[in-house]
Each structure stands twice: as structure tokens, then as C-alpha cells.
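The values are calculated or read from the model by the stated rules, or taken from the named source; none is laboratory data. It should be emphasised that the depicted structure is a prediction, and the values quoted were computed from it without experimental measurement. Glycine gets a Cβ as well: all are built from the backbone with ideal geometry, and neighbour counts include every protein chain shown. Protein only, heavy atoms only, side chains kept; ligands, DNA and RNA dropped before computing areas. Shrake-Rupley method; radii C 1.70, N 1.55, O 1.52, S 1.80 Å.
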Amino acid sequence: MAGWGTGSFENDDAAAWLANLKTLVPGELTKILLHAADDPDYLEAPAASVAVAAAEVVAALNGSPPERAPAEIGEWTRLHPQALTPELKAVAIRALDRVRRNSELKDLWLEADGLNDWTAAGRDLQARLE
């Protein structure tokens, strides 16, 4: 993971995903989050980073976008306001919880001595999802 900060979009994987957000339909967003939430295999950093970015989209749909939200999120949420469902919110929360508890991304932040800042950013996102 090449990253430059603890924010949801401050790594190469999330930034690349964000660049392609306009091509995604709501079902694909759900699929990304379900994979992160429910796949029994170890959650690798790229998939975890994308899941966090996808959860940010759900938070924006929920009326709580991140500060300085990327324009791509605003555009996508304007095109797909019907995408927000209780089920999508629930799977986004489960995916984020899994990333924060058991993922390579968490392990990398632990090794880099940035776990506290990264965890705080994750708690903020979770609050915006709820």
C-alpha cells in the first residue's frame, strides 16, 4: 500500500478506485462491501482500502460526507440517491468493522506506528455511517 495519510482516500488503492467510481452501479458498491464484510479469507490491504472508500460513499449517501469530499463522491451520490438502503448501511458498517479489526491495512498501520490516527479516522467514518 502506497499511502500518504490516514484518510480514506490517502492511498493509491482508494485513489484509483475513486477515479473509476463514476462507472460503478449501486450493486457493485454493495458487492465490494459484502466481500470486505463476509469473505472468510484474510482481507488484504488493497481490498480493505477500497472497502473504506466505498463506505465513505455510503456515508455521503447518508448525508454525512467526509470533510473535503472528493468531487467524484458528490457526482455519484447525485446520480444514485436511491442506492441508500438500510441493508447497504448495515453492510458498510460490517465491512468497516472488519477492516478495523482484522485486515492487512490495520496491520500495516500498526507496523507504521500510525494505528491510533488511522483508528480515529475509522471511528469518525463509522459515526457518519450511523
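Got a sec? Which of 87, 111, 72 is closer than 17 Å to residue 15 by Cα and among the acidic types (Asp, Glu)? Talk me through it step by step, then tell me what you get.
Numbers: 87 fails: closer than 17 Å to residue 15 by Cα; 111 fails: closer than 17 Å to residue 15 by Cα.
Selected residue: 72, the only one of 87, 111, 72 that is closer than 17 Å to residue 15 by Cα and among the acidic types (Asp, Glu).
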Scope segment 1-25; condition more than 22 Å from residue 113 (Cα to Cα), surrounded by fewer than 18 Cβ atoms within 10 Å (Cβ to Cβ) and not aliphatic (A, V, I, L, M); matching residues: 20, 22, 23
Counted residues, segment 26-35 - those being under 26 Å from residue 115 (Cα atoms) and of a type in the set (D, E, K, R): 0
Total residues in segment 34-46, condition part of a loop (DSSP other than H, G, I, E, B) and either surrounded by 19 or more Cβ atoms within 10 Å (Cβ to Cβ) or without any contact (Cβ under 8 Å) to a residue 12 or more places away in the chain (or both): 4
Meets criteria (basic (Lys, Arg), within 14 Å of the chain's Cα centre (by Cα) and open to solvent by 60 Å² or more (accessible area, probe 1.4 Å)) for residue 31: yes
Filter result (under 13 Å from the mean Cα position of the chain (by Cα) and either touching a residue at least 40 places away in the same chain (Cβ under 8 Å) or under 15 Å from residue 20 (Cα atoms) (or both)) within segment 71-96: 73, 88, 89, 91, 92, 94, 95, 96
